[in-house]
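Below is one structure, written out as C-alpha cells; comments come after it.
Bear in mind these aren't lab numbers, they're just calculated from the coordinates by the rules spelled out. Just so it is clear, the structure is predicted and the values come from calculations on it, not from any experiment. Cβ placement follows ideal geometry from the backbone for every residue including glycine, while neighbour counts extend to all protein chains displayed.
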Amino acid sequence: MTRQAKIIKTSIIGIVVNLILVAFKATIGILVNSIAITLDAVNNLTDALSSIITIIGTKLAGKAPDEKHPYGYGRIEYFASIIIAVIVLWAGVTALMESWPKIFNPDVTSYTTVSLIIIAVAVVVKFLLGRYVKGVGEKINSQALVASGSDAYFDSILSFSTLVAAIISIFWHISLEGILGVIISIVIIKASLEMIKETVDSMLGERVDAELAKKLKKSICEFPGVYGVYDLFIHNYGPENIQGSVHIKVDDSLNAVEIQKLTRIISTKIYEDYSIIMTAIGIYAKHDEHRDIQDDLAKITSKYPGIIEIHGFIVYEEENLITFDMIVDFKENREEIKEKVLGEIKSKHPEYNYIIIDDYDTSDLNKSIDK
C-alpha cells in the first residue's frame, strides 16, 4: 500500500469513529444538559473535519511535478496542517466563550448510568484511535496524522475528566462543568498553536536533525577515497521529497570520471538508506600545499570561540589568492570576526590576498567529519 493510500485509509477510519462519537456525545450532552460533554462532541466533529482536510491535502500533494512546479506539490500537506490547526483553534476559542459563563451560572445536569457508560467507552475508543493514527503517522512521516493522533490522545484524557466530573456531580452535587469546559478549551487552543508553530517551522525550513546529520556524514565518510564531509544541506519539499547537498574532500589526483563515479555511488547509497535525493555533491581537494599557512590559519581561528570551523582551503598561485570557508556561530558578529581573521592572516602572509566564504551551521552539528 502506498503512503497516500495509508493516509487516506487511516483518515477514513478517523472520520467514521469520530462521527459515531459525535452522535453519541451530542445526544448525551443535550439530554443531561452537560456543556462539557457537548463541547467534547464538537471537538470530535472538528477531528472528523480535520481528517477530511487531510485526505484532500494528501490527494493534492500527490500530484506529479510539472513545468510550473518542478519540485512537486508535496508542501500542500503543510498547508492542510495549517488549515486543520486553525479549525482546532476556532473550536477552542468558541468552547472557551461558551464555558466561561457556566463557571458563574452552572447548569443543572442529570447524568444516567447509560450516559456514564458511553462516556467511558468514548475514553477507551479515543485512546485506541489516537494510538493507531499517531503510530501510522510516525511510520510514514505524516505530520497531519501525527497531529490528529496526538489530538485524539488529548480527547481521551479530556473525556476521562468529563467522566470524573460527572461522578463528582452525582455523589457530591458539585458542578464542575464550566471549569472543565474552560480547561478543555485551553488545552485545545494550546494544541492548535503548537500545531501551527510546528507546521510553519517545517515550511520555513528547520535545521537538520543532529542525529540524522551525524548518520549521513558518517555514512558518506565511510566510502573509500572520502577524507571529509562538510556543508550538509537538507531541503524539504514535502514528506516524500527531501533533497540535499554536501561537500566531500577527495584526493587531488582523482580525475573527472573517478569523481563522477564516486559521487554517483554516494548519491545512490544515501537515497537507498535515507530516501534523500542528493542533488549536488561538491568537491574539496585534499592536499598539503602551503601547510605553514594552513597551520597559522588554524591557530588564528582557534582564538575565536565563535568560529565553529574552517575548511575548503585552496590556493590560486597565478592570482596570489587564497580562499577558505568559515562557519561562524549565528550568535556572533560574523563581519567583525572575518575582519579580525583576515587582518591576522594577512599580517603573517602578506604575499597573498584572502577571501573568506561564508558557511552556515545548518546541520545542528558543531563539527564536520574528517578522517
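So here's what we get for this one:
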{"item": "Semi-axis lengths, Å, the chain, gyration tensor of Cα atoms, sqrt of 5 times eigenvalues", "result": "58, 24, 15"}
{"item": "Where labels lie 7 Å past Cα in the beta-carbon direction, separation of LYS59 and LYS218 in nm", "result": "4.4"}
{"item": "Square roots of five times the Cα gyration tensor eigenvalues for region 129-207, Å", "result": "33, 15, 5"}
{"item": "Region 126-190 - percent relative contact order, Cα under 8 Å, separation 6 or more", "result": "25"}
{"item": "Loop-exposed GluC sites (Glu not before Pro) per DSSP, neighbour cap 16 Cβ within 10 angstrom, longest uninterrupted part of the chain", "result": "68-205"}
{"item": "Computed over the chain: relative contact order in percent, which uses C-alpha pairs under 8 Å that are six or more apart", "result": "15"}
{"item": "Total formal charge among the other residues, if their Cβ is under 9 angstrom from that of VAL136, Lys/Arg +1 and Asp/Glu -1", "result": "+3"}
{"item": "Rough spin-label spacing in nm, given labels placed 7 Å along Cα→Cβ, for LYS68 and THR279", "result": "2.0"}
{"item": "Within the chain: Cβ-based charge dipole about Cα centre, in debye rounded to nearest 20 (Lys, Arg +1; Asp, Glu -1)", "result": "1720"}
{"item": "Dipole magnitude (debye, nearest 20) for region 151-253, charges at Cβ of Lys, Arg, Asp, Glu", "result": "200"}
{"item": "Structure-based [θ]222 nm, the chain - -39500 (n - 2.57) summed over DSSP H runs of at least 4, per residue, nearest 500", "result": "-22000 deg cm²/dmol"}
{"item": "Under 17 Å between alpha carbons - lysine pairs in region 3-204 that sit 8 or more apart or on different chains", "result": "9"}
{"item": "Scaled radius of gyration (Cα, divided by 2.2 N^0.38 Å) that region 182-314 gives", "result": "1.43"}
{"item": "FRET E, pair PHE171, ASP209, Förster distance 56 Å, beta-carbon r, rounded to 0.05", "result": "0.65"}
{"item": "Spin-label pair VAL200/PHE233, simplified geometry with 7 Å Cα→Cβ offset, distance in nm", "result": "2.5"}
{"item": "Inter-part distance where region 1-69 and region 218-241 are each reduced to a Cα centre, Å", "result": "38"}
{"item": "Summed residue charge, Cβ within 13 Å of VAL187's Cβ, Lys/Arg positive, Asp/Glu negative", "result": "-3"}
{"item": "Kirkwood Rh and Cα Rg combined as Rg/Rh, region 29-163", "result": "1.09"}
{"item": "Charge dipole of region 152-216 about the Cα centre (unit charges at C-beta), most positive-ward option of ILE174, LEU193, LEU212", "result": "LEU212"}
{"item": "Label-reachable residues, region 130-146, where backbone N falls under 14 Å from a point 7 Å from VAL16's Cα toward its Cβ", "result": "none"}
{"item": "Surrounding net charge for ALA285, when Lys and Arg each add one and Asp and Glu each subtract one, Cβ distance under 12 Å", "result": "-2"}
{"item": "Principal semi-axes in Å for region 245-371 [√(5λ), Cα gyration tensor, largest first]", "result": "29, 20, 11"}
